[in-house]
């Protein structure tokens, strides 16, 4: 005996509504795309299985991913147990039925066409404790309603319910369903020709950099490399960035004059330290998560790209580019010109540079997660003091101090007063007399 009707129970693959557990590694849109590909693989396998009827029990609206030949019924009921029972009832046409979900794209027509003569039900368990298919000769709400769903013992509980009702149950092979990023990676590796697997490979190698950056902000292991795969340790110090400002940070902040603008503030350690000292400060970052982490610390932050209009342009006492943020956009000359627009005349621009004075590398960087995802190349620059002093001069910024501490390197600039250039001779106020010329502090 084979099933006469195959039922696929599924949700419309809308971002944010499906595969939310994949969103630890993927954006909502990417997770929905993986769900859509998995559903398409499942529907294709079902359609290749010779049965009398094909039914899709759908929560949502059908889309172009639905092949011909399926009858679509709306899901009804509150909990998943009730929706499963209703799907059997609404799809019944007098012959045995087998129902599967949308999370096992590796399912095959051979499995779906299994012969279960001599049995009242068929059940296929999953690695995580659930089940990927259930077959019944006819609808029976007693077999489903009240069975705990979405637990690590749902499959065992379902089997126990069937046996309690006196059903003879044939067990099919255990499959892995796609709930988490490791699940998706394992299925993609084991079944490389699936639509889901091909999409997974593309996504693995083209993650949005912001996604992996935000993962790092939450404590995930993310490293930064060049496009050659070699690590860039100075851009991978996530633990330090999440921690409170350290001694070297505070030395840098002692050079600041308020109010202070921190470009690329990340999780807000610098803005927070300034606020604790009573210095007015604002962080800006393109990451909404970074801004949220900063404001959760009680500091002020704004989600904004540095090239967009910012509050107080031309009136900031100090502008900061810490933690290698001089590399933002891969064009440090452009970024320094922007800083010169933001800071007031004679104001401070403090830049953390690469300790290698001669480095001038505008090669892109790549973020890589512990689970194998890597970002698309991100324009960035890694630059030492010589190139930054040259770019600063062209931007109207005079380098007044070059100092090092605990393996980190910094340059302090001052914006030329209105009507002068960084190459002009101009008079500092008396309290800045020691800043004349370039002063190295080791």
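The values are calculated or read from the model by the stated rules, or taken from the named source; none is laboratory data. Since we're looking at a predicted model, the values are computed, not measured. Don't worry about glycine lacking a Cβ; one is built from the backbone with ideal geometry, like all the others, and counts go over all protein chains shown.
Summary table
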quantity	calculated
Selection status of residue 177, in contact with a strand residue (DSSP E or B) (Cβ under 7 Å, 6 or more places away or on another chain), part of a loop (DSSP other than H, G, I, E, B) and over 30 Å from residue 285 (Cβ atoms)	yes
Counted residues, the stretch 240-263 - those being surrounded by fewer than 22 Cβ atoms within 10 Å (Cβ to Cβ) and under 27 Å from the mean Cα position of the chain (by Cα)	6
Strands (runs of 3 or more DSSP E) (entirely within the stretch 282-385) containing at least 3 residues that are surrounded by 21 or more Cβ atoms within 10 Å (Cβ to Cβ)	316-321, 343-353, 365-369
Test: residue in the stretch 219-226 that is in a loop (DSSP other than H, G, I, E, B), without any contact (Cβ under 8 Å) to a residue 24 or more places away in the chain and outside the structural domain of residue 89 (by TED's automatic domain parsing)	yes
All positions within the stretch 190-217 that are over 18 Å from residue 102 (Cβ atoms), assigned to a loop (DSSP other than H, G, I, E, B) and touching a residue at least 24 places away in the same chain (Cβ under 8 Å)	205, 206, 208
